[in-house]
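Reading through the structure tokens given below for one structure.
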Amino acid sequence: MITAALDLDRVPSHVACVMDGNGRWAQSRGLPRTEGHRAGEEALFDVVDGALDIGVEWLTVYAFSTENWRRPPDEVRFLLEFNEDILLRRRDDLHERGVRIRFVGRRDRRVPKKLIQLMDDAVELTRRNRRMTFTIAFNYGGRAEIVDAVRAVVNSGISADRITERTIACRLYDPEMPEPDLMIRTSGECRTSNFLLWELAYSELYFTDTAWPDFRRVDLYEAIRVYQERERRFGQVSPNGASSAITFNGDGKRRDHPG
């Protein structure tokens, strides 16, 4: 069984994914870059299914960054229309399976009003679901999120000496979203690329050479297996000076044990 190597009592509560390599996957096959994005849809929803099967509570994916507007206009137009199409085709199925859909990112004039309306409709349709929260980072940038949070702090009139990490955190795009336990990036790139910069401070990072269109739930499970072998210390040590590993139970509560 694929999940046999996993401790299902220690599945990360929140997994985040940088879905990289669609364009290169297509070009290596002599196809237009847009075909790589089409192929990436199958990978995405196999991962969603796999995450649901093992009890992942939050899954966040990087769908379109603030930097992606610099891509060729035809590709940008395709991505906007493709995301509209995915929402129309997939939201009802996700709703029936108890998935809550959310979005993080800027809603500026570049995002079509039709797409914003579809996002809002999906959020409203699924807002009472609790089996898993599926967050789509669209027109998202980690630096932009922090800037927007700082602007909100300034606009609130809070004095500088009263600003804490909590002051910033509660003004991020989705303050309810827990920090990811595990961040996965595909296609051999070993960087975060402006994804969840604040939230990833203590996340475990996992990089794989597999391009996103080839990524499947078995690859998700392998990333989680590696995650479960790591010790999460959060800068702490045990009283005797040895490292103290910190893991999380399935309910998201911390569990400390000597490392």
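The values are calculated or read from the model by the stated rules, or taken from the named source; none is laboratory data. This structure is a prediction, so every number in the text was calculated from the model and none was measured. Counting neighbours? That spans all protein chains shown, and the Cβs are built from the backbone with ideal geometry, glycine included. All accessible areas refer to the heavy atoms of the entire protein, side chains included, with ligands and DNA or RNA removed. Shrake-Rupley method; radii C 1.70, N 1.55, O 1.52, S 1.80 Å.
For the reader, a short list of remarks on this structure follows.
- Restricting attention to segment 196-215, the residues being outside any helix (DSSP H, G or I), of a type in the set (D, E, K, R) and over 19 Å from C170 (Cα atoms) number 2.
- Unique residue being under 29 Å from R77 (Cα atoms), open to solvent by 50 Å² or more (accessible area, probe 1.4 Å) and without any contact (Cβ under 8 Å) to a residue 24 or more places away in the chain when the list is E165, E124: E124
- Within segment 90-111, the set of residues being under 19 Å from F78 (Cα atoms) and loosely packed, with under 14 Cβ neighbours inside 10 Å comprises D108, R109, R110.
- Selection of segment 132-151 for residues being free of Cβ contacts under 8 Å to residues at least 60 places away in the same chain and open to solvent by less than 10 Å² (accessible area, probe 1.4 Å) yields G142, E145, A149.
- Among (1) over 15 Å from the mean Cα position of the chain (by Cα); (2) at pLDDT 95 or above - the single one R100 does not satisfy: (1)
- Residues that are farther than 24 Å from L6 by Cβ and either at pLDDT 95 or above or among the aliphatic types (A, V, I, L, M) (or both), drawn from segment 214-238: V237
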